[in-house]
Amino acid sequence: MTGGFRSLHPLAAALYFSGLVLFVMWLVHPAYLLAAGGCLLLLHLQLDGGAALGKAWKGYLAMGALVALANPLVSTRGATILGYLGNRPVTLESCVYGLLFGLTLSVMLLGFGAARQVITLDRFLYLTGTGLPRTAFVIVMVLRLVPLLKRRLREIAAAAKTQGRLGGGKRTARIREAMELLNTLVVWTLEESLHMAVAMRASGYGSGPRSTFAAYRMEGRDKGVLVLLGGLALPILAGSLWGRGQMVFYPLLSGLELHLPHYGAFLFWCALPILMNIGETLQWQIIKSKT
Amino acid sequence: MGHYLPISFLLVVLSILPFYLRFERRNMKAEEIVLVASLAALGAMGRVPFAAIPGVQPTSFIVIMAGLTLGAESGFVIGSTAAIVSNLFLGQGPWTPWQMLAWGSMGLAAGLLRRLPWMHRPWGRAAFGFVWGFLYGWIMNLWFVLGFLHPLSWQAFAGAFAASAYFDLSHALANATFLLLFGGKWSRILGRVVRKFGLLGE
Amino acid sequence: MADYQIQNLSFRYPGETEPALDGVDLDVRSGDFVLIGGPTGSGKTTLLRLLKPQVQAAGQREGTVLYNGNRLEDLDLRTAAEEIGMIFQNPDNQIVMHTVWQQLCFGMENLGYPTSLMQKRMAEVVPFFGMESWLHQPVETLSGGQKQQLNLAAVMMLRPKVLLLDEPTAQLDPIAASAFTDLLTRINQELSVTVILCEHRLEALFPRANQVLLMEAGRIVHQGKAETVVRQVWEAKAPGFAPYLPAISRLYLQMEADRKEGPVPLTVKAGKRWFDRYWVRRPGVFGERPEGIRGEAPKEEPLLQCRDLHFQYGKKGPQVLQKVSFTLHPREFFVLLGGNGAGKSTLLQVLAGVLKHQGGKLKTRLAPGDIGYVGQNPLAYFTRETVREQLEDRAKSLDLGDRERMDALVRLFRLEPVLDKHPFDISGGQQQQLVLALVLLADPALVLMDEPTKGLDPTAKQALAGWLGQLLEKGKTILMVSHDIEFAAAHAHRCGLLFDGGLLAVAEPSVFFTENYYYTTMVHRTVREHLPEEVTEEGVLARWAITSP
């Protein structure tokens, strides 16, 4: 599927994911985190059948687990003592804090994973380029140079190897040889970069203010989504400032009160991409059935 | 007030932004732009594993040498751009801004201290690299400690620093070794190009 | 309109005593196709660069350059960027963007074009160049020919009136080079864009140019229409420029020495027409094929043998080599030909021990140290700050006690004058000689070379052939990978053709090239109906000389 949420204007997609990550960081509450996590899992399934997730989920889980374990180890605060580790108390509050923040981190990573698929390289560069055109330009140049440098490094390594270098041996000797390769690479690259600069000027670089090719146009649907996101962000932010969707951990755990309108707005934010994708599929079904 | 996760995230992003805004406004020759991009590409490549150089990640060395020759502002941009581009290959995450800050500050510091005579002696450079091996690790610990550990106690910090001590030490040692053995040579290589391009480094 | 009037133009680089350009006069009219030839360092590039404000080198300039009647210095940078397009030798150095379409937009972005205009230009230029299918690819996936085509397309986006091209096909294989030249001819013919082109390989370009200049030591030595220049060069008896002429023209000028008038054939078509008539006009003038023009490949116990070699990059990568089998004899000169991506370089690296083959057998009685490898790019070899240090460092790592071998190589490759220079500051030919010296310091029995004739001017190519001859006399074996059909036909003992991962035909040049229809020399294509065994100018002349008075 190439339509749906994926085809949203990069600005709207960026706003969506920034909002999502911000809310997830802020609203550390099991109901909120589970909602966001569940929606993101579904989104991953819709985007690529879960292929990217299949590779990365262990890492996401491990980082979450690290947070969950670290908290009870470093924190002795909390009123409900579960037991002792050595002579340090382990409290229920610190365990819950760890679990929830571990969940927060895992959900954030899920969000980054989905964002990486939606905000592709071209879109990322477009976004950077609208605010920071020279930065985007330098990033593009770096992206072009990295594979070129790798190719040069392979040639340098081949030259070195056939001259009896890179023979292995002790670690220090290997590092020295590797750095010799890097020396050659940097001299070579800097030498060629002089030619590159001349070629840049030859194509008019520096003869006036640059423009940036804008490959994406804001369409009616994108504007609608932007308005919708704005309309959702306001109550979510206001409610969060009011203290909705946030637990108190120390000294005693607070209850899990849920303010339904606030939660509903957040849930809608999380589910928006999924709904858009379903809508897109339905539309295709209708078009197909008509022909 | 519950926790620092969103605040610390925003603060880091806000601390990186001014450097890029200045970079956008600076008057730069084509040669200077190419040089910044080439060094950032070398730095980024230093992180992506490749068969030719096993176990060597010379990114910090490159960023420090870039800051020393091209100055603080370019040093920051080269360091942080190397971070963001390498993450385009390795995967972006909540750590990206922190990494940009860590490598950016490394280049920035090298650029700020480059007028000091001891930064032009092998041992001075090596000491700088050694210290920054640890500082880098500590900045990267911050995002974890500030964001995910509570309450912020000295034990929390000590624990995180102890957990990363091995990596930080090997990073510091690698930096010191590279700067000791190759700092002079790179300084000549980069200096030659800066003269040849007619750039004075800010 | 795009005219240049160049009057008494001289140029001196800072710190040099000799001028790089010395009193050059040249008139270029709108729509001209100007071809500039001459050895490396003759001032071609310097002249070309003085025609575009953005790329002028720093130095001392005298004389005037008028562009459309006005001084070039007065042209504003923006107009200069749009109207005067420039293409350089190395395709990689001109591409600054990550994907093809980004690079196409680069020049337009530099000049601040709005997106809608960029889209319109793209929609026009992309189909003209047939780039639709690779428009969204990263540039790293393109071949050298595609990259240079991209550079040309990117320049054409700005609708230039003049194209300045500095050896644009020097790094390309012959097929890509002729595709590029065809595009250029089309742009010149259909859009009337003025073309000013520097090249070493002039053969294919002579018929397309309406003005040819040959330069030497900063001066224009010969100037005029292609045929006039060809005759001038021949009659001046200046041996320096003879190698620049098409082989067919040289044949004609030698065999029709008494014809002082009339057109000189420059192409296979014109050459064949002439030769067919000559054959009828002078029956029986060609004798039998003399025996042993070139020493036969020695038949001894093989130096290296491989059977069914197989190699692929990674588990999912393409199968670059499949079932490659051949035998290399001592003291032979073997040239491996083949198109782009046929696996030539890969095979060479497998033999050099850089890559490890995954299947088949590689048998050799040579130790790894006995195999020397000269890669495609000399820059990959330089780790020191002077030529001398580079040589001494290599000698030290080889534990060579005395300097005798090093001094001999320095003399052989004429490196004395550049010993104290930075290896990056010497000419491309000298860089290659330095790499040869570095490799030969180890005194290898087998020398592997990856496209050593790439980018060399004809004089440098002849010098290279001379050195390789000396190596063979000393008992060394050479295996070369090349695109250079003419070089292989003139010097190799045996040739092989690598195609689609397999080694197809292995034979001596006289057999190898006579069996090919397209993949063969210009001379063979001209004379094959009458002299089917001949592939080189020397071969034809050897048979002609026998009976001619």
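The values are calculated or read from the model by the stated rules, or taken from the named source; none is laboratory data. Everything quoted here is computed from the prediction, not taken from an experiment. Ideal geometry is used to build each Cβ from the backbone, glycine not excepted, and the neighbour counts take in all protein chains shown.
Restricting attention to the stretch B:1-40, which residues are closer than 19 Å to A:S203 by Cα, touching a residue at least 24 places away in the same chain (Cβ under 8 Å) and surrounded by fewer than 18 Cβ atoms within 10 Å (Cβ to Cβ)?
Result: B:K29, single match.
Taking A:A62 as meeting all but one of (1) over 18 Å from A:L99 (Cβ atoms); (2) without any contact (Cβ under 8 Å) to a residue 12 or more places away in the chain, write down the number of the exception.
(1)
Using the structure shown, decide if B:A30 is in contact with a Lys or Arg (Cβ under 6 Å, 6 or more places away or on another chain) and either small (G, A, S) or modelled with pLDDT under 90 (or both).
Spelling it out, B:A30 is indeed in contact with a Lys or Arg (Cβ under 6 Å, 6 or more places away or on another chain) and either small (G, A, S) or modelled with pLDDT under 90 (or both).
Return the residues of the stretch A:152-185 that are among the aliphatic types (A, V, I, L, M) and closer than 21 Å to C:A352 by Cβ; say none if nothing qualifies. Full working, then the answer.
First, pick out the residues of the stretch A:152-185 that are among the aliphatic types (A, V, I, L, M): A:153, A:156-160, A:166, A:173, A:175, A:178-179, A:181-182, A:185.
Across the stretch A:152-185, the qualifying residues are A:L153, A:I156, A:A157, A:A158, A:A159, A:A160, A:L166, A:A178, A:L181, A:L185.
Can you tell me which residue within the stretch C:170-223, out of those that are more than 30 Å from C:L336 (Cβ to Cβ) and among the small types (G, A, S), is farthest from the chain's Cα centre (by Cα)?
C:S192
Scanning the stretch A:176-197 for residues that are β-branched (V, I, T) and facing chain B (nearest Cβ under 7 Å), which turns out surrounded by the most Cβ atoms within 10 Å (Cβ to Cβ)?
Restricting to residues being β-branched (V, I, T) and facing chain B (nearest Cβ under 7 Å), the top hit is A:V187.
Return yes when C:E385 is within 10 Å of another protein chain (Cβ to nearest Cβ) and within 30 Å of the chain's Cα centre (by Cα) and no when it is not.
yes
Evaluate the following for C:L117: is it in a helix (DSSP H, G or I), among the aliphatic types (A, V, I, L, M), within 11 Å of chain A (Cβ to nearest Cβ) and buried (at least 23 other Cβ atoms within 10 Å of the Cβ)?
Judged against the criteria, C:L117 is not a match.
Would the stretch C:233-240 turn up any residue that is more than 27 Å from C:V34 (Cβ to Cβ) and in contact with an Asp or Glu (Cβ under 9 Å, 6 or more places away or on another chain)?
No; the residues of the stretch C:233-240 include none that is more than 27 Å from C:V34 (Cβ to Cβ) and in contact with an Asp or Glu (Cβ under 9 Å, 6 or more places away or on another chain).
Under 7 Å by Cβ, and 6 or more places apart or on different chains, what pairs join a residue from the stretch C:128-156 that is under 19 Å from C:G341 (Cβ atoms) with one that is assigned to a helix (DSSP H, G or I) and acidic (D, E)?
C:K147/C:D92
Under 6 Å by Cβ, and 6 or more places apart or on different chains, what pairs join a residue from the stretch A:37-54 that is in contact (Cβ under 8 Å) with a residue 40 or more places away in the chain and outside any loop (DSSP other than H, G, I, E, B) with one that is crowded, with 20+ Cβ neighbours inside 10 Å and β-branched (V, I, T)?
Once the first residue is in contact (Cβ under 8 Å) with a residue 40 or more places away in the chain and outside any loop (DSSP other than H, G, I, E, B) and sits in the stretch A:37-54, its partners that are crowded, with 20+ Cβ neighbours inside 10 Å and β-branched (V, I, T) give A:G37/A:V107.
Looking only at the stretch C:191-219, which residues are of a type in the set (S, T, Y) and either part of a loop (DSSP other than H, G, I, E, B) or under 14 Å from C:D166 (Cα atoms) (or both)? Let's see the steps before the verdict.
Filtering the stretch C:191-219 for residues of a type in the set (S, T, Y) gives C:192, C:194.
Residue satisfying the conditions is C:S192 alone.
I'd like to know if the stretch C:275-284 contains one or more residues that are touching a Pro at 6+ places or on another chain (Cβ under 9 Å) and at pLDDT 90 or above.
Going residue by residue through the stretch C:275-284, those that are touching a Pro at 6+ places or on another chain (Cβ under 9 Å) are C:275.
Still in the running and at pLDDT 90 or above: C:275.
Checked against the condition, which is being touching a Pro at 6+ places or on another chain (Cβ under 9 Å) and at pLDDT 90 or above, the stretch C:275-284 yields at least one hit.
Quick one: count up the residues across the stretch A:253-274 that are of a type in the set (A, V, I, L, M) and within 14 Å of chain B (Cβ to nearest Cβ).
Residues meeting the conditions: 1.
Of the conditions (1) more than 9 Å from chain B (Cβ to nearest Cβ); (2) touching a Lys or Arg at 6+ places or on another chain (Cβ under 9 Å), A:L125 satisfies every one except a single condition; which number is it?
(2)
Could you list, in sequence order, the residues of the stretch C:317-369 that are surrounded by 21 or more Cβ atoms within 10 Å (Cβ to Cβ), farther than 21 Å from A:A159 by Cβ and not hydrophobic (A, V, I, L, M, F, W, C)?
C:E332, C:G338 - these are the residues of the stretch C:317-369 that are surrounded by 21 or more Cβ atoms within 10 Å (Cβ to Cβ), farther than 21 Å from A:A159 by Cβ and not hydrophobic (A, V, I, L, M, F, W, C).
Name the single residue, out of those in the stretch A:70-94 being within 13 Å of B:L149 (Cβ to Cβ) and part of a helix (DSSP H, G or I), that is nearest to the other protein chains (Cβ to nearest Cβ). So that I can check it myself, show each step before the final result.
We begin by selecting, within the stretch A:70-94, every residue within 13 Å of B:L149 (Cβ to Cβ); these are A:70-77, A:94.
Still in the running and part of a helix (DSSP H, G or I): A:70-74, A:94.
Details: A:A70: 6, A:N71: 6, A:P72: 11, A:L73: 7, A:V74: 4, A:S94: 8 Å.
Within the stretch A:70-94, the match that is nearest to the other protein chains (Cβ to nearest Cβ) is A:V74.
Among the residues of the stretch C:62-79, is there at least one that is among the small types (G, A, S), more than 7 Å from chain A (Cβ to nearest Cβ), part of a loop (DSSP other than H, G, I, E, B) and in contact (Cβ under 8 Å) with a residue 24 or more places away in the chain?
Yes, there is a match, as at least one residue in the stretch C:62-79 is among the small types (G, A, S), more than 7 Å from chain A (Cβ to nearest Cβ), part of a loop (DSSP other than H, G, I, E, B) and in contact (Cβ under 8 Å) with a residue 24 or more places away in the chain.
Please state which one of A:R144, A:R217, A:R210, A:R201 is facing another protein chain (nearest Cβ under 7 Å) and touching a residue at least 40 places away in the same chain (Cβ under 8 Å).
On inspection, the qualifying residue turns out to be A:R210.
Does the stretch A:162-169 contain at least one residue that is among the small types (G, A, S), in a loop (DSSP other than H, G, I, E, B), farther than 22 Å from C:E140 by Cα and facing chain C (nearest Cβ under 7 Å)?
Yes, there is a match, as at least one residue in the stretch A:162-169 is among the small types (G, A, S), in a loop (DSSP other than H, G, I, E, B), farther than 22 Å from C:E140 by Cα and facing chain C (nearest Cβ under 7 Å).
Which of the residues spanning the stretch C:19-54 are under 25 Å from C:Q430 (Cβ atoms) and in a loop (DSSP other than H, G, I, E, B)?
Answer for the stretch C:19-54, where residues must be under 25 Å from C:Q430 (Cβ atoms) and in a loop (DSSP other than H, G, I, E, B): C:P19, C:A20, C:G38, C:P39, C:T40, C:G41, C:S42, C:G43, C:L50.
Confirm whether B:G159 is buried (at least 21 other Cβ atoms within 10 Å of the Cβ) and of a type in the set (G, A, S). Outline the logic, then answer.
Working: buried (at least 21 other Cβ atoms within 10 Å of the Cβ): no; of a type in the set (G, A, S): yes.
The answer is no for B:G159.
Does B:L173 meet the test of being modelled with pLDDT of 85 or more, farther than 25 Å from B:M100 by Cβ and assigned to a helix (DSSP H, G or I)?
Criteria not met by B:L173.
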